[in-house]
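Okay, structure first, notes after.
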2 protein chains.
Amino acid sequence: MVANIAAAVVAAGAGAVAHKVLARKDGTTRASSADDVAVDGVAFATDPSQNVDHADAAKKVKYLAQMWPEVDARDMKTPDDWVKRHPELIRLTGKHPFNVEAPLPLLYDYGFISPVNLHIVRNHGAVPRCEWDTHTFDVCGNVPKPFTIGMDELAAMPSDTFPCLVVCAGNRRKEQNLIKSSIGFSWGPCAIGNTYWTGVPLRVLLNRAGIYKPGPGARYVCLSGPQNELPKDYPDQDGGPGSYGTSIDMETALDPTCDVIVAYEQNGEKLHPDHGFPVRVIIPGYIGGRMIKFLKEIKVTDRESNNFYHFNDNRVLPPPVDAERATEEGWWFKPEFIINQLNINGAVAYPAHDEVIPAASKTYTFKGYAYSGGGRKVIRAELSFDQGLSWKLADINVREEPRWANFCSGDKARHWCWCMWTLDVPTEWLMDKDCVEVCFRAVDQSMNKMDERPTWNVMGMLNNPWYRIRIEHTPAGARVEHPCVAGPTPGGWMQKMAAKEPTGELLWGWGGSGTPAAPKRES
Amino acid sequence: MVANIAAAVVAAGAGAVAHKVLARKDGTTRASSADDVAVDGVAFATDPSQNVDHADAAKKVKYLAQMWPEVDARDMKTPDDWVKRHPELIRLTGKHPFNVEAPLPLLYDYGFISPVNLHIVRNHGAVPRCEWDTHTFDVCGNVPKPFTIGMDELAAMPSDTFPCLVVCAGNRRKEQNLIKSSIGFSWGPCAIGNTYWTGVPLRVLLNRAGIYKPGPGARYVCLSGPQNELPKDYPDQDGGPGSYGTSIDMETALDPTCDVIVAYEQNGEKLHPDHGFPVRVIIPGYIGGRMIKFLKEIKVTDRESNNFYHFNDNRVLPPPVDAERATEEGWWFKPEFIINQLNINGAVAYPAHDEVIPAASKTYTFKGYAYSGGGRKVIRAELSFDQGLSWKLADINVREEPRWANFCSGDKARHWCWCMWTLDVPTEWLMDKDCVEVCFRAVDQSMNKMDERPTWNVMGMLNNPWYRIRIEHTPAGARVEHPCVAGPTPGGWMQKMAAKEPTGELLWGWGGSGTPAAPKRES
C-alpha cells in the first residue's frame, strides 16, 4: 500500500508538486509505531499486521506538511498574526476567524495525499497559542482512574498512522445558500483534505483510565477544546466557558475498527496551528465538526455533551424548519437530527469553472473526487451527458487500501479517504448542442446515491445533490460553468439563476422556475 | 416496550385483526430466554437488561403465527400440496415455486407486527419436507470443534427474541421491470414482513465451535440450505448440489449488536414451512436473500461462499450493464457490487391503488411504511404535493424501541423494523387541479434519501425512488393510481406510460418521454 500511495501521488500529483512553490521546513518527528495499537484485549483485538503500516509513507510525505514561510499580510492585524498560511486559500469569512478551502483543482493536482497547507480549516475564533511542552489534556468524568497527560507522554504511547479524509459538514453549502440563506457561510466543494494522521487511539487512553466497555455511566465521550476559544462563554457547559465541544458514543470510541485517534502529527509533522496544534481528535468517516482541535478534555459521561455547540450546531433539520422555528419549537434538541457520519458526496475538479475545452481537441479527461461516511466504500462514480437519462461509469483509479481489510471482510473494511476518478470523454459529446449539462454522482456500497436535487436545510449541511456543470458552446470550444464559486465571489450557473428570481434565491431547488430542469405541472 | 408494541398493535392493527378471518392453531412453544445471550466474553459483552425482553410480547402475538386452515386449490397439483397458505397472497411466479407478497393495505392494517400468514415468501423450489425431530445442521469448516446439532438441542440453548423486518432485495422491482425488463420477477411494494423471531445467536454457535473472533481462515461464515432444493446442481459448491447458499462476514456474525440469529420461532410459534421450517438465519438490516432457510450448514471459511447463488444473485450492477455483458465481462464477480444492507425505502399503503378520496371529505389520512438498512433509523417520512418542490413531514407514530439502546448511544442503537407513518391532508389539496401527483420519500440517520427517480439495474434490486401516486380528479373525488400492481396484473400509471412508449418500456426512467416529469433539453 505504501507503494500504491506513492504511485498514486506520483501519478496524480507529484508532477504538479514539482511546479508549485511549497515552503519546506524541517521539523522533528517521532518515529511512530503501529505495532501495539490493538493489543489491549478489548473487543475485536487483533494484531497490527492486519493494517498496512503507513508510518513510513507518512514520513515520505513530510514535504506536504510544511508551513508557508511567512505570515500573510491579511493576518497581520488579527489575533492570528503569528500563523503562517498558504496565500491561495480562499477565505470564506473575511480575514478572521480563518475559515478556508483550497481551489479544488489546486488541491486535486497534489493527488491522493493533500498538503497540510491546502487542507480545509474551520476555526471558531483566534487560534489558541498552545505550547507542546506545557499543553495537557484531562481524561476524566466517570472513569475509575482519571489522569492528565502532556504531549511528550502522549507521543511516547503506542500510536497509529493512516490517511483519512476530513470534511466539513458544510462542504458545498454555497449551493444551499443560493437556494435560500442558511445560517452558515458559503463553502464551495473543497471543504476537505486527505492527509496522514498519527495519534494514540482514543480507546487506549480510555483503557488507561479504566474504561474497557460501554456501560452505565459510560455511554458517551465528551470532547472539548480550550476555554475562551469562542466569544460566547456558556459557563456551565462541558469544556467550560467559551469552549467548543461535542461528544461521540462510547461504542465508536472503543471499537478498534472505528479508528478514532487523538492525533499529534499530520503528514509526518507536528500539527499546524490551524489544524489543532498540538493535539486534536480524528474520527474517520464522521463530519469534521466532531474532531475537536486543541484538545483539552476527554470526559466520560452517561449523556451527550451539554456543550452549546453540540446541540446548536451540526444538525440537519427538515426543510420546512427555519432558524426561528427551530429555536421556538426545540428542534435543536430532537435526537433524530444530529449528524455524525458523512453522506455520499463528490464533485468535478476538471474541467474547472470557466475552463474552455477546445473544440479542436479529440478527448477531454474529466476528473473529480468522491467519498462517503461510516467507512462505506464508494463503488461507482458516474457522469451523465443527458441530464440523468443515462450514466457513464468513470474509472475510480486512486483510492486507499482500506483499513481492517485483512481482518474484516471486504464489506466491512473501512474506507476513510476520498477516491479520485477520471473519465475520458470525446470532445464531440461536449460540443453537441444538446449537451447543456454534465452531471456527476457517486454511489456507495450501501447503495446510497447523491441526490438529483438539493434539499435545503437551515444549517445548509451535508448538501449532496448531483454536481452539475453547465456547458456553453462557443466557437473556441465548450465553456464550463460550475454551480457557484466558493465564498462571497460571484459566478456560476446557480448564482446567475438566483439573480433572475424575484427574491434573488432559488427558493425551490437547483434549477429555478422555468428552466429546463424544473418540473412542470399539468393543468 | 412490550406495552408500546401492544399499544402499537392496538392502535394500528388490532381493530382490523378483529374483522379478518385468521386461522388459529395451538402449537407448542418453548419459553425462550434472553438472559444469557450476550454472556460469552466476546466483543462488547453486556447484560441482558440492556435489551427489551420481547419473549412475552412474542407469545402474545402467537395468533399472528397461525397457518391457514387448508391447502389452497392452486397448490394441489404441485410439490407443495401439503403447505397451508393464505389465499389473499399475490402469487408472482405462477403457482410454483411460491413467491408471494400480501396486498399492502392488508398487511398494513395488522399494524406493527405482521401475521406470518401474510409475510413475504421467496422460495426457489419446492418447500423441503423437513422434520423437527430429524433435522440437523452442521457447524463446520475452519473451526476447532465442529459439531452437528438437532432442533431440540438448539431450542434448549440460550436464545433471543426480537421483532425484525425481512425484505426481499427485489421489493418494488416491478417499477424497474416497467423501465426495462430485469432478470427478476415483479415484486410490488410489499415484499416485506415485520415479525418476532426467536433463535440462538449465530455467535453463540460459533463460540461453541471454538470461534471467538475473526482471524486467518475464519473471515466468512457460509450458510447453506438443503441439497437438491434447486433444480440446477452445481455439485462443487458450498452446501453441495442444488443448495442455495451465501456468506456473511465474520465480524457481523460475531458482533452481538448485529443480532444475527439462527431462528426456529416466528411470532412465538415454530416456523411455517414457507419461512424455513424448522430453522433459518435472520440477519437484521440485511436483504432477505442472505437469510438462508431450512438451514443445513454453517461453514467457517477464509473466503466468501462459492455457492452459485452467492455470486450470481443479490448484486446491483451499474445501469449500462445488462445480463449478457455482466456474464461476458465478469461483473458478477466484481466485489464492489455485492449488496448486503438494505437501503432506505418505503411506500404509501393508503390511499390504495384505485381508491377514490371523496371530494366531500374534509381530510384524508395518508399512511405508509419506511425502513432502512444496517440498523439505521428512519428519521423523516415526507410527502410532497408539488412534485418535490416542498415536503410535508409525516408523523412516524409506530416504530420499535431500538435494539441495544441502553448500551449504544442513540446514534448506534439498532433499528431492525419498519416504521409506520401517517399524515392528515386537507382533501382540498388533493382536489386542486394542480395536484397531479403525491410523492413519498424517507430519510435515514445517515442522511440517505430515497432517490428522485429510479436507476435501472439488471437484477432490478434495491429499487428505491420516491413512491409516487398520481391523482385523477373526478366528480366523486380524487382517484388514486399507484405506479403499478404487483405481479403480472396490469394497472398503474407507470404501466400506462410504458404502454405508450414504442418499445413498451420506459427505457430512461420513471416519467416517460414527453411527460411533465421528463427533463427537457435546451436547443
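The values are calculated or read from the model by the stated rules, or taken from the named source; none is laboratory data. A quick note: this is a predicted structure, and the numbers were derived from the prediction, not measured. Cβ placement follows ideal geometry from the backbone for every residue including glycine, while neighbour counts extend to all protein chains displayed. For the accessible areas, the whole protein counts, side chains as well, though only heavy atoms, and no ligand, DNA or RNA atoms are used. Shrake-Rupley method; radii C 1.70, N 1.55, O 1.52, S 1.80 Å.
Can you list the lysines whose alpha carbon is less than 18 Å from that of B:K377, not counting same-chain residues fewer than 8 positions off?
Answer for B:K377, where 18 Å is the Cα cut-off: A:K334, A:K449, B:K412, B:K449, listed by chain and number.
Find the relative contact order for the stretch A:54-337 and round it to a whole percent, using C-alpha pairs within less than 8 Å whose residues are 6+ positions apart.
Reported as a whole number, the value is 20 percent.
So what is the relative contact order of chain B, in percent, for Cα pairs below 8 Å that sit 6 or more residues apart?
Once divided by the residue count of chain B, the mean separation gives 15 percent.
Of the accessible area of chain B, with the probe set at 1.4 angstrom, what percent is carbon plus sulfur? Mind showing how you got there, number by number?
Working: 9110 of 17330 Å².
So the carbon and sulfur contribution to the accessible surface is 53 percent.
Would you check the accessible area of B:E175, probe 1.4 Å, heavy atoms only, in square angstrom rounded to 10?
10 Å²
In the stretch A:412-453, what GluC sites (Glu not before Pro) fall in a loop by DSSP, with at most 12 other Cβ atoms inside 10 Å?
none
What total accessible area, in Å², is buried where chains B and A meet, using a 1.4 Å probe and rounding to the nearest 100?
Chains B and A together bury roughly 6400 Å² of accessible area.
Return the subset of B:K213/B:K293; A:K95/A:K299; A:K433/A:K500; B:K213/B:K296; B:K60/B:K293; A:K59/A:K392 for which the Cα-Cα distance in this structure is over 30 Å, preserving the input order.
A:K95/A:K299; A:K59/A:K392
Kindly state, to the nearest 0.05, the FRET efficiency for A:N207 paired with A:F333, given R0 = 30 Å and r defined as their beta-carbon distance.
With a Förster radius of 30 Å, E is 0.40.
Can you list which of the GluC sites (Glu not before Pro) found in the stretch B:80-148 are DSSP loop residues with at most 11 other C-beta atoms within 10 Å?
Here the GluC sites (Glu not before Pro) that fit, given the DSSP loop and packing criteria, are B:E131.
So, with +1 on the Cβ of K and R and -1 on the Cβ of D and E, and no other charges, what is the size of the charge dipole of chain B about its Cα centre, to the nearest 20 debye?
Roughly 520 debye for chain B.
Measure out, as a whole number of angstrom, how far apart the alpha-carbon centroids of the stretch A:183-239 and the stretch A:71-108 sit.
So the separation of the two Cα centres works out to 24 Å.
Give, ordered by residue number, each residue of the stretch B:403-417 whose 1.4 Å probe accessible area is reduced by a minimum of 30 Å² on adding the remaining protein chains to the chain alone.
Hits at the 30 Å² cut-off: B:F407, B:S409, B:D411, B:K412.
Which of B:G141, B:M67, B:Y220 sits closest to the plus end of the dipole of the stretch B:54-337, meaning its Cα is farthest towards the positive end, when Lys and Arg get +1 and Asp and Glu get -1 on the C-beta?
My answer, from the dipole projection, is B:M67.
Measuring with a 1.4 Å probe in the full set of protein chains, what accessible area per residue, in whole Å², belongs to the stretch A:54-337? List each step's numbers first, then the result.
On the way: 8540 Å² over 284 residues.
Value for the stretch A:54-337: 30 Å² per residue.
Which of the chymotrypsin sites (Phe, Trp or Tyr not before Pro) found in the stretch A:51-158 are in a DSSP loop and have at most 12 neighbouring Cβ atoms, other than their own, within 10 Å?
Counting only loop positions with at most 12 other Cβ atoms within 10 Å, the chymotrypsin sites (Phe, Trp or Tyr not before Pro) in the stretch A:51-158 are A:W82.
Residues of the stretch A:199-221 losing 20 Å² or more of accessible area relative to the isolated chain, 1.4 Å probe, heavy atoms only?
Going by heavy-atom accessible area, the residues of the stretch A:199-221 that drop by at least 20 Å² are A:K213, A:P214, A:R219, A:Y220.
Quick check: Cα centre of the stretch B:252-282 to Cα centre of the stretch A:120-169, how many Å?
The distance from the Cα centre of the stretch B:252-282 to that of the stretch A:120-169 comes to 45 Å.
From the P(r) of the protein assembly as shown, can you give the percent of Cα pairs sitting at distances over 58 Å?
Result: 9 percent of Cα pairs exceed 58 Å.
Counting alpha carbon pairs within less than 8 Å and at least 6 residues apart, what relative contact order, in whole percent, applies to the stretch A:344-500?
29 percent
Short version: which residues of the stretch B:352-395 lose at least 50 Å² of accessible area, all chains versus chain alone, 1.4 Å probe?
B:I379, B:R380, B:Q387, B:L389, B:L393
Run the label-point distances for A:T134 please: 7 Å along Cα to Cβ, every other copy, nanometres, shortest first.
8.3
Search the structure for amide H atoms under 5 Å from the amide H of B:V121, placed 1.01 Å from N in the peptide plane, and list their residues when 5 or more places away or on another chain.
For B:V121, whose amide H was placed from the backbone, the distant partners under 5 Å are B:V100.
Between A:F147 and the same site in the other copies, what are the distances in nm, shortest first, taking label points 7 Å from Cα along the C-beta direction?
Ordered by distance, the counterparts are at 4.1 nm.
Could you pull out every one of the aspartates and glutamates with an alpha carbon less than 16 Å from that of A:K180, ignoring same-chain neighbours closer than 8 positions?
Answer for A:K180, where 16 Å is the Cα cut-off: A:D322, A:E324, A:E501, A:E505, listed by chain and number.
Rounded to the nearest 500, what is the 222 nm mean residue ellipticity of the protein assembly as shown from helices alone, with -39500 (n - 2.57) per DSSP H run of 4+ residues and division by all residues?
-3000 deg cm²/dmol
Which ³J(HN,Hα) values in Hz, rounded to whole numbers, follow from the phi angles of the stretch A:92-101 under the Karplus curve 6.51 cos²θ - 1.76 cosθ + 1.60, where θ = phi - 60° and Gly and Pro get x?
9, 10, x, 7, 7, x, 8, 10, 9, 10
Shortest first and in nm with one decimal, please list how far the A:P502 label point sits from its counterparts in the other copies (point 7 Å along Cα→Cβ).
Nearest first, the other copies' label points are 4.3 nm away.
Please compute the modelled spin-label separation between B:A476 and B:A360, points set 7 Å along Cα→Cβ, answer in nm with one decimal.
1.3 nm
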